[in-house]
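S.K.: Here it is, the structure in full.
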Ligand SMILES: O=P(O)(O)OC[C@H]1O[C@H](O[C@H]2O[C@H](CO)[C@@H](O)[C@H](O)[C@H]2O)[C@H](O)[C@@H](O)[C@@H]1O
């Protein structure tokens, strides 16, 4: 195991201070095959060559399966991760007497995956559903995107938003019944990395411009290199370019998502930490009567699923048509099913409250 110690990690918080030791990054154990965020550290980037690039590309492919491996394996997977719609009554039963808190990923969960990340819009119906949901339960959007961008897609001021894979958390601006006190909430545990992320973003744009279809997105505390519109036979070339930029930045690491490589600071902060932070901010830390439901489609969501599984608290729902390694308990096939599930939760809550 390799330990990177980051000295001056700053956390800007109006309500809480996170100590440096809480955000020090400790790399995953070798041979760790759990489905959480797969982290590639810079010592690996410097030392390995072709094998490493192959593993990045394979790992990215595994995030977006396009068909079931086999009929039998798909059937087994569904048995282990049944549809949250089919199991709706059981889920309600599990949550009985507890406060449900909702955590929703954005891309692939609230909006369908599209080629152009700038056009991943959410439907009006989905927005309406999320609006009603946020009236019934505390609700947070947890996304890899820059917070400002994801909130401009969602357009609901009453939500909590955690952008940049949880490295940029902000409480509701207005309209939330669930806001604690009058203080506003802001948590940015990676502020000191802003200049370096900007610098790397510029370099990646320059380095990758020769690859048709490649796109680099600045997500403020992290950056994404998109492979979706790049011919598959050019994926290794693009991954090599990312590697050549990244190897001079020992304080950054690489993770994979759906046809995307993500460059992030080496700090121990992810969507799982963001979930814990938000529960705490809402006053539900160490509570046994809280029931968090986290819905997401990508590998970075696994960090949150894992927290819930380890704590035996609430549940994770993976959005995927095909079998994927996951810490989630249930599944939904696509964003439309997510919307039906959320609608049912709203109807149930409204019936209970007689509204
Ligand atoms: O945590 P999320 O909200 O799921 O964000 C993860 C990444 O989502 C976006 O990329 C993904 O969706 C795009 C639009 O559908 C798609 O073109 C791309 O292939 C997917 O990886 C977003 O653009 C990234 O910045 C996020 O990190």
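The values are calculated or read from the model by the stated rules, or taken from the named source; none is laboratory data. Values in this document were obtained by computation on a predicted structure and should not be read as measured data. Note that each Cβ is placed from the backbone with ideal geometry, even for glycine, and that neighbours are counted across all protein chains shown.
S.K.: Being within 15 Å of the ligand (Cβ to nearest atom), within 19 Å of residue 86 (Cβ to Cβ) and in contact (Cβ under 8 Å) with a residue 24 or more places away in the chain: is that true of residue 324 here?
M.R.: Here the answer is yes, as residue 324 does meet what is asked.
S.K.: Moving on. Can you name the condition, by its number, that residue 275 falls short on among (1) over 16 Å from the mean Cα position of the chain (by Cα); (2) within 30 Å of residue 138 (Cβ to Cβ)?
M.R.: The failed condition is (1).
S.K.: Can you list residue pairs whose Cβ atoms sit under 9 Å apart, with the first residue in segment 141-152 being closer than 15 Å to residue 173 by Cα and the second being in a helix (DSSP H, G or I) and within 8 Å of the ligand (Cβ to nearest atom)? Count only pairs 6 or more apart in sequence or on different chains.
M.R.: 141/150
S.K.: Here's a follow-up. For segment 300-321, what are the residues that are farther than 23 Å from residue 130 by Cβ and assigned to a helix (DSSP H, G or I)?
M.R.: Within segment 300-321, 306, 309, 310, 311 qualify.
S.K.: Okay, moving on. Looking at segment 96-109, which of its residues are more than 8 Å from the ligand (Cβ to nearest atom) and not in a strand (DSSP E or B)?
M.R.: Result: 96, 97, 98.
S.K.: Within segment 55-95, how many residues are modelled with pLDDT under 95 and part of a loop (DSSP other than H, G, I, E, B)?
M.R.: Of the residues in that region, 7 qualify.
S.K.: Something else: Can residue 237 be described as surrounded by fewer than 22 Cβ atoms within 10 Å (Cβ to Cβ) and within 30 Å of residue 178 (Cβ to Cβ)?
M.R.: So residue 237 fails the test.
S.K.: Have a look at 263, 293 and point out the one that is within 16 Å of the ligand (Cβ to nearest atom), buried (at least 21 other Cβ atoms within 10 Å of the Cβ) and over 10 Å from the mean Cα position of the chain (by Cα).
M.R.: 263
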